[in-house]
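Below is one structure; the comments refer to it alone.
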Amino acid sequence: MPSLHTLSLLTVRDALARGEVTASEAAAACFTRIRETDGSLGAILPWIDEESVLERAKALDDAGPDPSKPLWGVPVAVKDCICVKDYPTTAGSRILENFVPFYDAFVVERLKQAGAVIIAKTNLDEFAMGSSTEHSAFKTTRNPWDLSRVPGGSSGGSAACVTAFQAYGALGTDTGGSIRQPAGLCGCVGIKPTYGRVSRYGVVAYGSSLDQVGALARDVPDAALLLQVIAGHDPREATCAAVPVDDYLAAARDGTLKGVRIGVPKEFWDGNSAEVDAACRTALAQAEKLGAVLVDVSLPHTRHGVAAYYILSPAEASTNLARFDGVRYGLRDKEAHELLDMYVKSRSKGFGEEVQRRILLGTFVLSAGYYDAYYKKAAQVRRLILEDYTRAFERCDLLAAPAAPTTAWPLGQNKDDPVAVYRQAARTLSLNLAGLPGMTIPAGLGKESGLPVGLQLFAPAFGEAALLGAGAALFRELPPLGTPGGVA
């Protein structure tokens, strides 16, 4: 029998329900794996102690399996910009190092109601601003396939954690590709739902019109179940849509590609490395064999997506992060004696270089002399990008594109070139500007690097069921990647 920690989420869920495995045993298996691997991987932030988790697991065991709870006893990790009551939530930043929320985020409430055991908080780029998980204030996360390379970001801790078998599934957030890109670079499944499908209540904000909570797992049905649990209306969150939740797990189990029209937007297929292009095209050829119909489409305004995104998202970040000033909570510089001095010193010491860069950029584009020239224009481009997607979906059911133009790059390679990192998100961020759902599945290993390549699928708004169905059908027929070599 495979080791307990290597089982899929659904497999361990079913074993727990049958009493073949206890919640305590499942949690202990994950903690053993974390101790074995995280010293080199760096996916986990040590905010949740093992003792309290095992107490929660034992309480579940004492009560016995509950068939009404779809995640009863399953250990799940949560990105550290999502509030978990009574445990630190830092968003990877020194400025929130001592912040302990007194409430759970909506998605954490849903996980607990479903019987899940929150086993760990995962590392991230500070305030979710980054594509490599090198910008955390606390540690650097590495790729499970090659510890000298990045896992992607900003949900790199969640992607690495799941891929390295430290937990059966994880939650992440996606503001410009922060679930889908690391899923692709680490070789797992990651889904970003439609904007408004999942409540952002209790999630530390980066870009409020772009942020969305989603799921990462080792296969599509596992991700479908996690999304099923966290999706739904929340009256406390104004942008959360009151739209019924489909049966995502059934969609993933019963999905087919027969007759599905998949659009291939040319703008996302130019400039990819040869191995990324080859792996993704091979995966689409497999989709054709399964009955899909490939359609050439164009999304002409997405070429402006990087520029528009890096005006709009820093503008929102500048506003959202203004609250972290050393007055009410978070880091306060003890050497400051005057109000302005406290603001400057607290924020200079509390925010890392990348966050400071984006705050300054956002403040600039919102300033009186530049608002119309930059922010207003970017908002207009955003509308044009959405219209491109709307027209494309009149001709096809889904769209397909690589999750990143290259496989995982070496740690530190782009340290002094932030624009190079920004361009890495060119395949993902336009979907956030349009507010549409997307999912990454492993397309294979690159022939040159031997590293994972991710293929994205996009759907119209609230089309998660179709996305999961088609993705699961393709995932089942693609060759498995095997065990990550860096943490085997």
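Structure notes:
- The set of residues from the stretch 234-260 being assigned to a loop (DSSP other than H, G, I, E, B), open to solvent by 30 Å² or more (accessible area, probe 1.4 Å) and not hydrophobic (A, V, I, L, M, F, W, C) comprises Pro235, Arg236, Thr239, Pro244, Asp246, Asp247, Thr256, Lys258, Gly259.
- Here the condition is being surrounded by fewer than 24 Cβ atoms within 10 Å (Cβ to Cβ) and not aromatic (Phe, Trp, Tyr); of Leu147, Leu171, it holds for Leu147 alone.
- Residue in the stretch 9-16 that is open to solvent by 20 Å² or more (accessible area, probe 1.4 Å), at pLDDT 95 or above and touching a Ser or Thr at 6+ places or on another chain (Cβ under 9 Å) present: no
- Complete set of residues in the stretch 24-65 that are over 23 Å from Asn143 (Cα atoms) and open to solvent by 50 Å² or more (accessible area, probe 1.4 Å): Glu25, Asp49, Glu50, Glu51, Leu54, Glu55, Arg56, Lys58, Ala59, Asp62, Ala63, Pro65
- From the options Gly412, Gly435, residue that is over 30 Å from Val297 (Cα atoms) and out of contact with any strand residue (DSSP E or B) (no Cβ under 8 Å at 6 or more places or on another chain): Gly412
- Screening His337 with (1) open to solvent by 30 Å² or more (accessible area, probe 1.4 Å); (2) modelled with pLDDT under 95; (3) under 26 Å from the mean Cα position of the chain (by Cα); (4) not charged (D, E, K, R) gives one miss only, at (3).
- Pairs meeting the criteria (first residue in the stretch 298-317 and farther than 14 Å from Leu384 by Cβ, second residue of a type in the set (Lys, Arg) and surrounded by 24 or more Cβ atoms within 10 Å (Cβ to Cβ), beta carbons under 9 Å, at least 6 apart or on different chains) are Tyr310/Arg358; Ser313/Arg358; Pro314/Arg358; Ala317/Arg358.
- Across the stretch 222-231, a minimum of one residue is classified as over 23 Å from Ala403 (Cα atoms), touching a residue at least 60 places away in the same chain (Cβ under 8 Å) and assigned to a loop (DSSP other than H, G, I, E, B).
- Gly196, sole failed condition from (1) crowded, with 24+ Cβ neighbours inside 10 Å; (2) more than 28 Å from Arg35 (Cβ to Cβ): (1)
- Residue count for the stretch 61-112, restricted to those that are assigned to a loop (DSSP other than H, G, I, E, B), of a type in the set (Val, Ile, Thr) and within 18 Å of the chain's Cα centre (by Cα): 3.
- Leu312, sole failed condition from (1) closer than 25 Å to Asn414 by Cα; (2) touching a strand residue (DSSP E or B) at 6+ places or on another chain (Cβ under 9 Å): (2)
- Among the residues of the stretch 455-478, those identified as farther than 18 Å from Pro221 by Cβ and crowded, with 24+ Cβ neighbours inside 10 Å are Gln456, Phe458.
- All positions within the stretch 287-309 that are crowded, with 17+ Cβ neighbours inside 10 Å and not hydrophobic (A, V, I, L, M, F, W, C): His301, Thr302, His304, Gly305, Tyr309
- Residue count for the stretch 403-418, restricted to those that are in a loop (DSSP other than H, G, I, E, B), farther than 29 Å from Pro460 by Cβ and open to solvent by less than 50 Å² (accessible area, probe 1.4 Å): 6
- Of residues in the stretch 346-374 being of a type in the set (Val, Ile, Thr) and free of Cβ contacts under 8 Å to residues at least 60 places away in the same chain, the one most open to solvent (accessible area, probe 1.4 Å): Thr363
- Members of the stretch 265-287 that are in contact with a strand residue (DSSP E or B) (Cβ under 6 Å, 6 or more places away or on another chain) and not hydrophobic (A, V, I, L, M, F, W, C): Pro265, Asn272
- Options Gly190, Gly207, Gly176, Gly263; residue that is under 30 Å from Pro410 (Cβ atoms) and part of a strand (DSSP E or B): Gly190
- So Ala400, is it open to solvent by less than 60 Å² (accessible area, probe 1.4 Å), over 25 Å from Gln356 (Cβ atoms) and touching a residue at least 60 places away in the same chain (Cβ under 8 Å): yes
- The one condition in (1) surrounded by fewer than 16 Cβ atoms within 10 Å (Cβ to Cβ); (2) modelled with pLDDT of 95 or more; (3) assigned to a helix (DSSP H, G or I) that Ala317 fails to fulfil: (1)
- Matching residues, the stretch 206-223, being among the hydrophobic types (A, V, I, L, M, F, W, C) and under 14 Å from the mean Cα position of the chain (by Cα): Leu210, Val213, Ala215, Leu216, Ala217, Ala223
The values are calculated or read from the model by the stated rules, or taken from the named source; none is laboratory data. Small disclaimer: the values here were computed from a predicted structure and weren't measured. Here Cβ is always computed from backbone atoms with ideal geometry, including for glycine, and neighbour counts include all displayed protein chains. Just the protein is used for accessible areas: all its heavy atoms, side chains included, with ligands, DNA and RNA removed. Shrake-Rupley method; radii C 1.70, N 1.55, O 1.52, S 1.80 Å.
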